[in-house]
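Read the structure below first, then the notes.
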Amino acid sequence: MFQINENYLKLQGSYLFSTIASKVAAYSAANPQKDILRLGIGDVTLPLAPAVIDAMKNAVEEMAHPETFRGYAPDGGYEFLRRAICEHDYRSRGADIGTDEIFVSDGAKSDSGNIGDIFGMQNRIAVCDPVYPVYLDTNVMGGRTGLADPLTGRYEGVIYLPCTEENGFVPQFPSERPDIIYLCFPNNPTGMTISKSELQKWVDYALNSGSVIIYDAAYEAYIREDGIAHTIYECEGAKKCAIELRSFSKNAGFTGTRLGFTVVPKQLMCGDVSLNDLWARRQSTKFNGAPYIVQRAGEAVYSEEGRRQTREQVDYYMRNAACILDGLKAAGYTVYGGVNAPYIWLKTPGQMTSWEFFDHLLERAAVVGTPGSGFGPAGEHFFRLTAFGSYENTKAAVERICSL
Ligand code: MLT
């Protein structure tokens, strides 16, 4: 008889955003007349920028002719895209990353799960609490954790870094030494971030303790304040201890188009083994590359027009963030985030649990958000709203929440 991967049985419930989608679908079926405003999953709503669409159309046309048709993409991605990434995301920020340290993919979600393939099973992981569930769940699936404690919801063997009101949502160094540290700044779900000097301390910590940092910088385009690193490679020594995950979803609206990349510096070694080599081997074996059309679309994000147009989209979402922050503050809510990130993290009123507040908002205001406890135990009594809706819907949702 075949056997399943029993680690999957340790997972608690279904994937957070699938649970929410089912709840909302059930509510919608029971209340077809309700106009539901969705500020739940961080999914963009603006169409792709014109420069991106033009590039895609051109690429589609190329695929129609034998002389310009493309088959499999090169391992790691087309040079034209990797060069644009190097120049605009790294060299312009003083980080000397080479094209052969960039691996283009179909998005940061898959990379953040897949990266576990190149690490041993005995590694101890550290994650923030609350956390984007993919980092944790993929490690549970991979067998790098024990069982979840039914009372606390925490997995045995995982080092949790609580990010709370008390510590300003900044993770503190753990007392036990982790091997793999997942960090995401600006942060999903809290919408908070840390300064470059605080990030430098994590890099120093990782270098001293022989840990590797998996750094998710999917929201860097939302950074508005000075003194915050746009890439971990702005920190000294990061090339020796950090892998960076990047996405085109939030800065350029590719949630449905799918494109991202992972940076694995050549200096990142485990003894005499290069992690860049391992990831290259993993990707060439298990992945056949992001589509040519999509990589051309990604290249267009870095064109002059593309940068201007996508910047306008990010500004549009940040206007939503300000609308949520200001509206909820004025109504007496305690709110965090939303200044350097498209997420607002609010405290549930009257000691409601996160899921109670979710039901309350859905039933009383037909507004969907994300319960903080879905991101981890320290997210209990918090709730996440996203700024990725239309301005009109965002404004209407804030008015509905404030009138409750
Ligand atoms: C979120 O809502 O946290 C994100 O949309 C999830 C993701 O980017 O995969």
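The values are calculated or read from the model by the stated rules, or taken from the named source; none is laboratory data. These numbers come from a predicted model, not from an experiment. Here the Cβ is made from the backbone with ideal geometry for all residues, glycine too, and neighbour counts use every protein chain on show. When the accessible area is computed, the model is the full protein with side chains, heavy atoms only, and any ligands, DNA or RNA have been set aside. Shrake-Rupley method; radii C 1.70, N 1.55, O 1.52, S 1.80 Å.
For the range 71-120, what value does the Rg/Rh ratio take when both radii are computed over Cα atoms and Rh is the Kirkwood radius, given to two decimals?
Computed over Cα atoms, the ratio is 1.02.
At 1.4 Å probe size, with the rest of the protein present, what percent of the exposed accessible area of the chain is carbon and sulfur atoms?
51 percent
Looking at the chain as a GNM with Cα springs under 10 Å, which of Y343, Y155, Y317 has the largest mean-square fluctuation?
Y155
What's the Cα-based Rg to Rh of the range 276-404, Rh via Kirkwood?
1.13
Scan around F382 for amide H atoms under 5 Å from its own, H built in the peptide plane at 1.01 Å from N, and keep only partners 5 or more places away or cross-chain.
Amide H neighbours of F382, under 5 Å, 5+ apart: T348, S354, G372, S373.
Rank-order 107-113, 170-176 by packing density, defined as the average count of other C-beta atoms within 10 Å over each peptide's residues, highest first.
Result, highest mean first: 107-113, 170-176.
What is the packing order of peptides 297-306, 58-67, taking the mean over residues of other C-beta atoms within 10 Å and listing the highest first?
Final packing ranking: 297-306, 58-67.
Divide, for the range 53-303, the radius of gyration over alpha carbons by 2.2 N^0.38 Å, where N is the residue count.
Normalised by 2.2 N^0.38 Å, the Cα Rg of the range 53-303 equals 1.02.
Arrange the peptides 179-186, 345-352 so that the one whose residues have, on average, the most other Cβ atoms within 10 Å appears first.
Highest to lowest by the protection proxy: 179-186, 345-352.
Need the full-extension length gain, D96 to C402, defined as separation in residues times 0.36 nm minus the C-alpha distance. One decimal, nm.
My answer for the length gained is 105.4 nm.
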